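*Asks:* To start, I am sharing the structure in question, which I have written as structure tokens.
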Amino acid sequence: VKDKNTWIDLICNIIEKEVINDKYIIGELKRLKNFHTHTANHCVRVGVLSGIIGIYIGMSKKDLTHLIISGLLHDIGKVQIPLEILNKPSKLTDFEFDFIKKHPIYGYERLSKNPSINPIVLDTVLHHHEKLDGTGYPDSLRNLEISIFSQIVGIADIFDAITSDRPYHDKISIDDAFDVLINNKQKLDKNLIRKVIDCISVHINDDIIISYL
């Protein structure tokens, strides 16, 4: 899709038909927003950015739908993480970090209770923190064991996290964020990183910058 307006229309169409009209997904997002607004806003941004990346690499509309929903719900498990950990302004202790690393499992278990949630979404929610070298969590997957959906949402998650203000760090510039992705090429697919950077750069040059960028 080369027409930037078509990109936006496609993502909005998917969100309108597959998300807004789904009472369960909207209910979960509202619950997350009521619990922790920052995380809910982060999930929306990751969902949209994942969709843009998916369009750029040529995903079908069906796969884009799964990808966008995965991005929107990827951190839903954080409703089970204590607010004092989510809002802590200083470095987490090992115990606190181990606790927060459980959020993909919490999210997977939570969403698994609803049979309407697609298995691709469940897998992505569970594995968006996996890394190619096996250092990710919760299952220490490697390389092709990690789906393209999990890889895209994982990269979008990192990009949004470091370009947004958090209790424990200030946001960094887009160029610095690109450097972070590139320097993680042992953990993230370098070809996918290149496409993500190209995709975001194209949108910057076309003045289609997502508001949080």
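The values are calculated or read from the model by the stated rules, or taken from the named source; none is laboratory data. Treat the numbers as computed from the prediction; the structure is a model and nothing was measured. Heavy atoms of the whole protein, side chains included, go into the accessibility calculation; ligands, DNA and RNA do not. Shrake-Rupley method; radii C 1.70, N 1.55, O 1.52, S 1.80 Å.
*Asks:* When only alpha-carbon atoms count, how far does the range 102-179 stretch along each of its three principal axes, as whole angstroms with the largest first?
*Replies:* 40, 26, 19
*Asks:* Summarise the accessible area of the range 1-103 (1.4 Å probe, protein heavy atoms) by the percent that is carbon and sulfur.
*Replies:* Answer for the range 1-103: carbon and sulfur cover 55 percent of the accessible area.
*Asks:* Roughly how many Å² is the accessible area per residue of the chain, as a whole number, for a 1.4 Å probe?
*Replies:* Accessible area per residue, the chain: 51 Å².
*Asks:* What translational diffusion coefficient, in µm²/s and rounded to a whole number, does the Stokes-Einstein relation yield for the range 1-76 at 20 °C and a viscosity of 1.002 mPa s, taking the hydrodynamic radius as the Kirkwood radius over Cα pairs?
*Replies:* 172
*Asks:* Given the range 135-196, report the % of alpha carbon pairs whose separation exceeds 20 Å.
*Replies:* Every Cα pair in the range 135-196 considered, those over 20 Å come to 28 percent.
*Asks:* Translational diffusion coefficient of the range 33-91 at 20 °C, 1.002 mPa s, Stokes-Einstein with Kirkwood Rh over Cα pairs, in µm²/s as a whole number.
*Replies:* 172
*Asks:* Could you run the Karplus curve 6.51 cos²θ - 1.76 cosθ + 1.60 with θ = phi - 60° over the range 45-53 and give me ³J(HN,Hα) per residue in whole Hz, x for Gly and Pro?
*Replies:* These are the phi-based 3J(HN,Hα) values: 5, 5, x, 5, 5, 4, x, 4, 5 Hz.
*Asks:* At 1.4 Å probe size, put Arg31, Arg110 in order of accessible surface, largest to smallest.
*Replies:* Sorted descending by solvent-accessible area, the residues read Arg31, Arg110.
*Asks:* Provide, for q = 0.10, 0.13, 0.16, 0.17 Å⁻¹, the log10 of I(q)/I(0) from a solvent-free Debye sum over equal Cα point scatterers in the chain.
*Replies:* -0.40, -0.70, -1.12, -1.29
*Asks:* Next up: Taking θ = phi - 60°, what integer Hz values does the Karplus form 6.51 cos²θ - 1.76 cosθ + 1.60 yield along the range 130-135, in sequence order, with x for Gly and Pro?
*Replies:* Going residue by residue, I get 6, 10, 4, 8, x, 8 Hz, with x marking Gly and Pro.
*Asks:* Suppose only helical runs count, i.e. DSSP H with n ≥ 4. What mean residue ellipticity at 222 nm does that imply for the chain under -39500 (n - 2.57) per run, divided by all residues and rounded to the nearest 500 deg cm²/dmol?
*Replies:* Details: 11 runs with 127 residues, N = 213.
It comes out at -18500 deg cm²/dmol, rounded to the nearest 500.
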